[in-house]
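All remarks here apply to the structure that follows.
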Amino acid sequence: MPEQLHPARGPGRILVAVYGVLALAATGRSILQIAEYFSRAPLAYLLSALAALIYVVATVGMVRGDRASTRVALLACTVELVGVLVVGALSYAVPDAFPDKTVWSHFGSGYGYVPLVLPVLGIWWLNRVRSATRHPSAPRTSTRG
């Protein structure tokens, strides 16, 4: 795969960095919540742990960048988007199930809504990389004159 088409190159570097930070933050938060407050909101805290795992999988998939890893990262981003939409809606509909903020509750408001925007950008970028890889002779648009 040419360098500029690798998921972790160009704009992908920013995505990998943000996914890595979210992976660390969500992992730390979910470990603390499960260890200290699990009985208060077990579903919410387990969903935070799931979010952390998905961020790790997406990060590793983008860094590896081979065809299978890119597919796995794309699947992780898709599951992440569905998760943040479902959990975000549930956190408003059933607020007692989410007494503390989690990564995806309130559509990621505790993380500046990054969890809502990030999977959309990840899906867009990974599809762009996959498309360019499948059709390497397709003309690429350039911003240079």
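The values are calculated or read from the model by the stated rules, or taken from the named source; none is laboratory data. Not measured: the values here are computed from a predicted model. With ideal geometry, Cβ positions are generated from the backbone for all residues, glycine too; neighbour counts draw on all protein chains shown.
Starting from residues that are assigned to a helix (DSSP H, G or I) and small (Gly, Ala, Ser), keep the ones in the stretch 110-125 and report whichever is nearest to the chain's Cα centre (by Cα).
GLY122
Kindly list, by first and then second residue, each pair from a residue in the stretch 23-52 that is within 16 Å of PRO95 (Cα to Cα) to a residue that is outside any helix (DSSP H, G or I) and among the hydrophobic types (A, V, I, L, M, F, W, C), limited to pairs with Cβ atoms under 6 Å and residues at least 6 apart or on different chains.
What qualifies is ALA44/PHE98; SER48/VAL103.
Looking at (1) in a helix (DSSP H, G or I); (2) modelled with pLDDT under 95; (3) charged (D, E, K, R), which is the only condition ASP100 fails?
For ASP100, the failing item is (1).
Considering each residue of the stretch 46-84, count those that are farther than 30 Å from PRO99 by Cβ and either part of a helix (DSSP H, G or I) or touching a His at 6+ places or on another chain (Cβ under 8 Å) (or both), and give that number.
The number of residues fulfilling the criteria is 15.
Among the residues of the stretch 49-56, is any surrounded by 17 or more Cβ atoms within 10 Å (Cβ to Cβ) and over 18 Å from the mean Cα position of the chain (by Cα)?
Checked the stretch 49-56: no residue is surrounded by 17 or more Cβ atoms within 10 Å (Cβ to Cβ) and over 18 Å from the mean Cα position of the chain (by Cα).
Of the residues LEU126, LEU116, which single one is at pLDDT 95 or above and outside the structural domain of LEU24 (by the TED database)?
Unique residue meeting the criteria: LEU116.
If the requirement is being of a type in the set (Ser, Thr, Tyr), at pLDDT 95 or above and either under 14 Å from the mean Cα position of the chain (by Cα) or in the same structural domain as ALA41 (by the TED database) (or both), which of these qualifies: THR70, THR78?
None of the others qualify; the one that does is THR78.
Among (1) surrounded by 15 or more Cβ atoms within 10 Å (Cβ to Cβ); (2) of a type outside the set (S, T, N, Q); (3) modelled with pLDDT of 95 or more, where does ALA93 come up short?
(1)
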